[in-house]
Amino acid sequence: MCDNGFMVVELVELVERLDAAASELLACVRRGDASSEELLGVLSGTRAVSGKLDAVQAVAAAGVAGSRSHGDGGVHVLAESTGMSRSDARSRVRTAAAVGAMPVVQDAVDEGRISAANAKRLADALDKTSAGEVESDGELLAKAESLPADRFAKEAKRWTAERQADGGEAEFRRLRARRAVCICTGSSIR
């Protein structure tokens, strides 16, 4: 049983109802008779649903891994049961664990105010600072809610670098060491 008193059969029924509702929504969108305003509403409304489904999958996989004493936090279970790559599964499990350590962020993700991509960036920030620092910065969280993923990634990286003891210098050196230099002489290689 889960906290709400649902038994396994009821969980399966919930998944079946969710699948039916998603199929119905997809059929409605594919009919092509929805206005652009309605389609924008679908996009914003499904953002929250998508984030919740990501969380459901990661938490379920972690639960299976915990009950079966897997040491990877659910990465293998998530990858195998959903067909996603191991790297995607690892990223989702890591993000879910980090978000779980930040209740304010978890609420925002669960409500769809913070996208999965921006939650991942907040998890990265947590790795280099602390959950308390991330959660207490209202401006960072507001940006996580409002900025698109590409812009928030830059903002989160800047925010993290400002809070590291070396100002992000170690990360800069690591990235610089990975760069390769190619010198071209203008002659073609045959």
Cα pair distances of region 23-156 binned at 10 Å [whole percent]: 12, 37, 32, 16, 3
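As a test of the formula, what do you get for the chain when each DSSP H run with n ≥ 4 contributes -39,500 (n - 2.57) and the sum is divided by the residue count, at 222 nm and rounded to the nearest 500 deg cm²/dmol?
Rounded to the nearest 500, the figure is -24000 deg cm²/dmol.
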Residue among 93, 15, 75 with the largest mean-square fluctuation in a Gaussian network model of the chain, springs linking Cα atoms under 10 Å: 15
Region 64-162, relative contact order in percent, only Cα pairs under 8 angstrom and at least six apart counted: 20 percent
Choice from 62, 34, 116 showing the highest fluctuation, given a GNM over the chain with Cα pairs closer than 10 Å: 34
Fully extended contour minus Cα-Cα distance, from residue 7 to residue 72, at 0.36 nm per residue: 20.8 nm
Unit charges at the beta carbon, dipole of region 1-81: most positive-side option, 64, 22, 76: 76
Farthest toward positive dipole pole in the chain [+1 Lys/Arg, -1 Asp/Glu at C-beta], among 96, 149, 131: 149
Cα centre as origin, Lys/Arg/Asp/Glu Cβ charges: the chain dipole, Debye: 1320 debye
Between 0 and 90°, nearest 10: helix 36-67 axis offset from the chain longest Cα axis: 90 degrees
Kirkwood-based shape ratio for region 7-66, expressed as Rg/Rh from alpha carbons: 1.09
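None of the figures in this text is laboratory data; all of them are computed from the coordinates on show. As the structure is a prediction and not an experimental result, all values here were calculated from the model. Glycine gets a Cβ as well: all are built from the backbone with ideal geometry, and neighbour counts include every protein chain shown.
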